[in-house]
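**Q** Take this structure, written in structure tokens, and hold onto it; I'll ask about it next.
Laboratory data are not the source of any read-out in this text; all were calculated from the coordinates shown. Being a predicted model, the structure only gives us computed values, none of them experimental. FYI the Cβ positions are ideal-geometry reconstructions off the backbone, even for glycines, and counts take in every protein chain you see.
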Amino acid sequence: MENLFEKEGLEKTINRINQLTPDTTPQWGKMSVDQMLAHVNVAYDMYYNKDNYPANGFIKKILLKAFVKPPVVGPKPYPKNGRTAPVFIISDKRDFDKEKERLVGFLNQTAEHGAHHFEGAESHSFGKMSSTEWNVLFAKHIDHHLRQFGV
């Protein structure tokens, strides 16, 4: 898995994103490429624009932390056609160029902050996480969807 906090991992991931076109089709799943980019952007948007997302209740956060966090930040790849949280479902058409630009911007912003910034940072759903967990969350999700679209 790429380390998105390091230049080499960041560049590899951005190069893969740059291989996408508005006409790239998925190898599985129902999302179009513009929807996929918007979907991946949600994880970053939840971190950088916390005020746009209502806080999870105490009990919900405990359940998410206990049952959802381990597979999300663990080493095992996401399964094809897996379930996602409602906030991540993108069903309308999106502007491909805008979503691609947002994603690359989020990636660069995250790398500029560096791993130290994310050490112990609060996740909307999972509570405090290590920088390693943050990297896995971001990198694993992007990799899953880039593989979905063949890049």
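**Q** Among 37, 103, what is the fewest-to-most ranking by other Cβ atoms within 10 Å?
**A** 103, 37
**Q** If you bin the C-alpha pair distances of segment 76-135 every 5 Å from 0, what whole percents do you get?
**A** 4, 13, 15, 18, 26, 17, 6, 0
**Q** Under a plain spin-label model, where a point goes 7 Å from the Cα along Cα-to-Cβ, how far apart in nm are residue 84 and residue 23?
**A** 2.4 nm
**Q** Here's something else I'd like to know. What is the fewest-to-most order of 140, 128 by other Cβ atoms lying within 10 Å of their Cβ?
**A** Ascending Cβ contact count within 10 Å gives the list 128, 140.
**Q** What whole number of Å gives the distance from the Cα centroid of segment 93-115 to the Cα centroid of segment 8-44?
**A** 11 Å
**Q** Within segment 7-38, whose backbone N sits under 19 Å from a point 7 Å along Cα→Cβ of residue 49?
**A** 34-38
**Q** Which ordering of 101, 8 is given by a fewest-first count of other beta-carbon atoms within 10 Å?
**A** Working: 101 12, 8 9.
Least to most surrounded, the residues fall as 8, 101.
**Q** What is the spin-label model distance, in nm, from residue 12 to residue 143 if the labels are put 7 Å beyond Cα along the C-beta direction?
**A** So the label points at residue 12 and residue 143 sit 0.8 nm apart.
**Q** Pull out the extension gain between residue 92 and residue 112, defined as 0.36 nm times the separation in residues minus the alpha carbon to alpha carbon distance; nm, one decimal. Working shown, then result.
**A** Numbers: separation 20, 0.36 × 20 = 7.20 nm, distance 3.12 nm.
Value of the extension gain: 4.1 nm.
**Q** How large is the charge dipole for the chain, taken about the Cα centre, if only the Cβ atoms of Lys, Arg (+1) and Asp, Glu (-1) carry charge, to the nearest 20 debye?
**A** The calculated dipole for the chain is roughly 700 debye.
**Q** Using only Cα atoms and rounding to the nearest 10 degrees, what angle (0 to 90) does helix 96-113 make with the longest principal axis of the chain?
**A** The helix 96-113 is inclined about 40 degrees to the chain.
**Q** Determine one quarter of the surface area of the Cα convex hull of segment 7-148, which equals its mean projected area, and express it in nm² to one decimal.
**A** Values: hull surface 33.3 nm².
For the Cα atoms of segment 7-148, the hull's average projected area reads 8.3 nm².
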